Each structure stands twice: as C-alpha cells, then as structure tokens.
Amino acid sequence: MTHIWVRAEQRPNEERTGITPEGVAALMAAGFTVTVEQSNVRAIPIDGFRATGCAIAPQNTWPDAPRDAIIFGLKELPEDGSPLHHRHILFGHAYKGQPAGQTLLRRFKAGGGTLYDIEYLVDEAGRRVAAFGYWAGYAGAAVALKCWAAQQRGGLAGPVSTYGGKDALLSELREALATADSLPTALVIGALGRVGTGAADLCEALNLQVTKWDMAETAHGGPFPEVLTHEIFLNCILARPVCPVFVPRSALTAQRKLSVIGDIACDPTSDFSPIKVYDRTTDWDVPALRVAQDPVLDVTAIDNLPSLLPVESSQDFAGLLLPSLLTLNDLNSGVWGRAKALFDDHIQRL
C-alpha cells in the first residue's frame, strides 16, 4: 500500500499546498495511506484534512517518516546538507546547472533517495501535467506593476504579502495606479502559455495596453528592440538551451522606455536565462532589484509568486496534479517513470 506523506512547507512566505482535503479523500478511497503534517502557515486549514480520516503528524517530522513513505511538498527542503533517504516529490530546480540544485542532487545521492521533480512530471508529449503557471503569471504581473507604481512616486517597491483572493489584489493595484498620469504599456513574451495568460489577464483587468508575443514573434532569435519600447516587460518563457536573449546586458545603458522587468520564469542563475541584466532572485521583503539608475530599471524575480494568492493557486494546482498522484502505485511508468529516468541521468553526471 503506497504511503504519501504531505509535509509542511518550511520556506518563508510559502502558504501553498499541493493537495486539498478533497484530493486526500480521493487518494484514500483509492487505497492509499495518507499522512498530512500540521502547518502553522498552510492556507488550507488542517481541520479539512483531519475530517478525511487521514493521519495527522506534527509539522516538519518528515525526516522520521517511514522509509517507504513518499514525501510530498512543493518548495525547497531545509539546506542543512543532510542525506535524503526518502522518495520526494517537489520542485527541485536541479536540472539546469543551478548551484543549489547540484547540492540537492548530491544529498539525494548520499542518502539513496529519489527526486521526482514536479517541473518534469510530463505526459507522453512532454507537456507538464501540473503547474502553478497561471497564478505565477497573474501575481508576477501584479508585483511588476507595484514596482512601476513605486517608481512613479520616486521610490522602490516595498515588501509584498499574501492576499485572501484576487479581488483584494486588484483593488490594491487600482488604488496604487490611480495617481499615475497614465498607465504603462506592457509586453508579455510567452503570452499563449499558462504563465503568459495569467500575466496578460492581470494587465487587462487593470486596463493596461498589452502586447502579446509568443513563438511566432520570437522565432527569428533576436535582437528584440521592441522590448525596450514598453514600460514593463513580463518574461513568461522558461530558460532552455534554445531560448533567445530578450534583454541583453547592453539594455542597461540603451535608450529605452523600459523601467520594470518582471522575470516571472525567474531562473537568473541558469546559463540559458533570457534576461542578462541581473544575476539573483528577489524576495518578498525586497521584491525589486535596481539594476540601472539613469534611466531607472528595476527587476523583480520572485520564485514563489503563486504564494501571493495561496488558496486559489493551491486549488488550481492540486486539481491538475491529482490524476497523477492517483497513479503513484506504479512508479516505473508514466509521469513517474519519466521523472525517475531524468533523475537517474543527472545523478550519474555528478
């Protein structure tokens, strides 16, 4: 009988979960054993999980879970260097040469555990089966607009926090933009994907003029001077070997209208990053990184953006992932078999 252990998230500002009480009930009805850790930050209260009859464990006790349990979480594990013995489902950010990802893989190698990276759970056609993309785009565009609004006041964007829902977020943004002489123009690259759709929807909800680009507009490989003619650029394309450079280093001193880059894909340490004007992520306390002064250019690149809307993003993601979780009894084929093969390949390269 497969045992799924849902851990509490230990990263700051992370209130999401990858499964809802309804999902736990479906897994138990299918014969799975489910344990859910308590959490003092999870947006969905523990009472809903307890009502399913699943086991409840104290938060952060997953290292002591039975060795055959599959540990399921979303974001990074504590960086304590300990060997990882279990099978883990999480976003590992480990397969594009990221330094922290290489450290994570070495921990799995040392402990004999396995990483099933959620980013690489794909169907037969290579399409991801579950992602937070829409809400990442929506929240990423919102933070970029906060950065732009702060610039109009002569400042840098202040800390961000969670919202009870998108209506509260939109209300705050409308108030922030109300004093501007005019609204900014925005360019979304990757506009046909989930992330780009979310970003464009947020902009259009606020009546911004949005230019939407996807593969057809970027196929020539660049350069892309049009990026510099918009006040806000929202990158919604994952860093991959074939990804062209959208913002070269020369943009820092170029003549431009561009004053905010929202790198929603957020992979600055990858060699394949299409944004070459910054080298580190930003965070909730300091969401904007000023990379140029004259004219001003701020980059925002928060890598857990959907957490700004934790309930909506959790419910959406959990619904997408549940069909795959229901196949965890067979780890040798399907999405799990493909994810394991990718993990094995990267472990062998260490």
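The values are calculated or read from the model by the stated rules, or taken from the named source; none is laboratory data. Quantities reported herein were computed from a predicted structural model and do not represent experimental measurements. Heads up, the Cβs are rebuilt from the backbone with ideal geometry, glycines too, and the neighbour counts pull from every protein chain shown. When the accessible area is computed, the model is the full protein with side chains, heavy atoms only, and any ligands, DNA or RNA have been set aside. Shrake-Rupley method; radii C 1.70, N 1.55, O 1.52, S 1.80 Å.
So the values come out like this:
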read-out: Filter pass, Thr114 being hydroxyl-bearing (Ser, Thr, Tyr), closer than 16 Å to Phe343 by Cα and surrounded by fewer than 19 Cβ atoms within 10 Å (Cβ to Cβ); value: no
read-out: Yes/no for Ile71 being of a type in the set (Val, Ile, Thr), in contact with a helix residue (DSSP H, G or I) (Cβ under 9 Å, 6 or more places away or on another chain) and within 30 Å of Pro268 (Cα to Cα); value: yes
read-out: Close pairs (7 angstrom Cβ cut-off, 6 or more residues apart or separate chains): under 23 Å from Ser171 (Cα atoms) in region 204-219, of a type in the set (Lys, Arg) and open to solvent by 70 Å² or more (accessible area, probe 1.4 Å) anywhere; value: Leu206/Arg174
read-out: Residue match in region 71-90 (condition: modelled with pLDDT of 95 or more, under 23 Å from Pro306 (Cβ atoms) and more than 18 Å from the chain's Cα centre (by Cα)); value: yes
read-out: Those residues of region 117-147 which are over 16 Å from the mean Cα position of the chain (by Cα) and either of a type in the set (Asp, Glu) or over 19 Å from Ala265 (Cβ atoms) (or both), in sequence order; value: Asp123, Glu124, Ala125
read-out: Only listed residue being closer than 14 Å to Gly196 by Cβ, surrounded by 20 or more Cβ atoms within 10 Å (Cβ to Cβ) and of a type in the set (Val, Ile, Thr), chosen from Val227, Val210; value: Val210
read-out: Members of region 223-243 that are at pLDDT 95 or above and under 11 Å from Pro274 (Cβ atoms); value: Phe224, Val227, Phe233, Asn235, Cys236
read-out: Which listed residue, of Leu84, Leu74, Leu105, is over 30 Å from Ala186 (Cβ atoms) and touching a Phe, Trp or Tyr at 6+ places or on another chain (Cβ under 7 Å); value: Leu84
read-out: Single match in Ala254, Ala239, Ala265 (criterion: crowded, with 23+ Cβ neighbours inside 10 Å, part of a loop (DSSP other than H, G, I, E, B) and of a type outside the set (Asp, Glu)); value: Ala265
read-out: Filter pass, Arg127 being under 26 Å from Asp316 (Cα atoms), without any contact (Cβ under 8 Å) to a residue 60 or more places away in the chain and open to solvent by 50 Å² or more (accessible area, probe 1.4 Å); value: yes
read-out: Filtered residues of region 65-102 (kept if within 20 Å of Asp279 (Cβ to Cβ) and either in contact with a Pro (Cβ under 8 Å, 6 or more places away or on another chain) or open to solvent by less than 10 Å² (accessible area, probe 1.4 Å) (or both)); value: Ala94, Gly101
read-out: Top-ranked residue in region 1-44 [being outside any strand (DSSP E or B) and acidic (Asp, Glu); ranked as least open to solvent (accessible area, probe 1.4 Å)]; value: Glu14
read-out: Whichever residue in region 296-305 is out of contact with any helix residue (DSSP H, G or I) (no Cβ under 8 Å at 6 or more places or on another chain) and open to solvent by less than 40 Å² (accessible area, probe 1.4 Å) and, among such residues, is nearest to Val260 (Cα to Cα); value: Val299
read-out: Residue in region 156-169 that is small (Gly, Ala, Ser) and within 17 Å of the chain's Cα centre (by Cα) present; value: yes
read-out: Residues (in contact (Cβ under 8 Å) with a residue 40 or more places away in the chain, open to solvent by 20 Å² or more (accessible area, probe 1.4 Å) and out of contact with any strand residue (DSSP E or B) (no Cβ under 7 Å at 6 or more places or on another chain)) located in region 279-295; value: Asp283, Asp285, Val286
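Here's the yes/no breakdown for (1) open to solvent by less than 10 Å² (accessible area, probe 1.4 Å); (2) farther than 25 Å from Trp213 by Cα:
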| site | (1), (2) |
| --- | --- |
| Phe108 | yes, yes |
| Tyr134 | no, no |
| Ser161 | no, yes |
| Ala178 | no, yes |
| Leu183 | no, no |
| Val188 | yes, no |
